[in-house]
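One structure is given below, encoded as structure tokens.
Readers should treat all values here as calculations from the given coordinates under stated rules, not as data from a laboratory. Because the structure is a prediction, the values reported are computed rather than measured. So basically every Cβ, Gly included, is an ideal-geometry build from the backbone, and we count neighbours across all protein chains shown.
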Amino acid sequence: MPIRPKMSSRCSRAKWWPSLSGLVALAAVATSSIASGASQPAVSPAPHTTTVTIVIDPGHDRYANLQTEPIGPGSSTYKIKDGGGTSGVVTGQREASVNLRIALRLRTLLQDAGGIRVVMTRTTTCCVSIGNIARATIANRAGAALFLRIHADGSTDHSVAGTSTLYPATHVGWTDDIDGRSLKAAKAIQPRLVHALGWPNRGLVARSDITGFNWANVPAVLVEVGFLTNPTEDRQLATFYKANKAAWGLRNGVVAYLKAQGLR
């Protein structure tokens, strides 16, 4: 991949993008709902004055992508596109599958909230991961009000548990146009997700090394819903009940953020 010299502003960064061949096409707003079975009561659509776009990014895919890409525009530091994620220590479930279950349920909940167009970076777990520049490109081209990335965590210590939300650290020319709004989104989402799941609150974490943040021109956060390497959290994330709880927490956090930004 040819790399231009390091760019000093968002405007210059936005002028160059890698080839879009192989990218996931921007999804149309889905019209069907996932079978409910939800324990939550029905919620009337919230008042809204305009339609906003939320890009949901279920992390990883069926296969890792060991090709490399620069962590930011013009960077000489490269990372693999996708290491493949973690897996359940008890259930053996793939992180990619967990992420997608939550994301699909969240899509329905956001659409039901009214005034929200949802774009998914993927809707199946089938293929080699497209990588993180590609994911950010989807969010940028959609003009997303928020680029919400859904992941599950892992640790060699199986006692480690809990939920965290990552957001972009400030880097002039890469994230200084989105860091403030991203932090606001993280602050809206984290407490609501923790409340919904009932797991330890691992807080907010600023990250400078996440490729999908550094290439984003729209506010972006990444939630680590829980640890698949923790037996309890792994077992629970295998159930619709807990995936639904996670989706509701994310839904409530997104809506709170949109309201705070005057977008609802």
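Miscellaneous remarks
- Hits in region 174-190 (condition: buried (at least 17 other Cβ atoms within 10 Å of the Cβ) and outside any loop (DSSP other than H, G, I, E, B)): Asp179, Arg181, Ser182, Leu183, Lys184, Ala185, Ala186, Lys187, Ala188, Ile189, Gln190
- Selected residue (criterion: surrounded by the fewest Cβ atoms within 10 Å (Cβ to Cβ)) from residues of region 52-70 that are aliphatic (A, V, I, L, M) and within 25 Å of Arg101 (Cβ to Cβ): Ala64
Matching residues to (1) surrounded by fewer than 16 Cβ atoms within 10 Å (Cβ to Cβ); (2) without any contact (Cβ under 8 Å) to a residue 40 or more places away in the chain; (3) in contact with a Cys (Cβ under 7 Å, 6 or more places away or on another chain); (4) part of a loop (DSSP other than H, G, I, E, B):
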site	(1), (2), (3), (4)
Leu166	no, no, no, no
Val172	yes, no, no, yes
Glu224	no, no, no, no
Thr229	no, no, no, yes
Gln236	no, yes, no, no
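- Matching residues, region 71-94, being in contact with a strand residue (DSSP E or B) (Cβ under 9 Å, 6 or more places away or on another chain) and surrounded by 23 or more Cβ atoms within 10 Å (Cβ to Cβ): Asp82, Gly88
- Within region 125-145, one or more residues are β-branched (Val, Ile, Thr), within 22 Å of Ala246 (Cβ to Cβ), part of a loop (DSSP other than H, G, I, E, B) and touching a helix residue (DSSP H, G or I) at 6+ places or on another chain (Cβ under 7 Å).
- Screening Arg207 with (1) touching a Leu at 6+ places or on another chain (Cβ under 7 Å); (2) in contact (Cβ under 8 Å) with a residue 60 or more places away in the chain; (3) surrounded by fewer than 19 Cβ atoms within 10 Å (Cβ to Cβ) gives one miss only, at (2).
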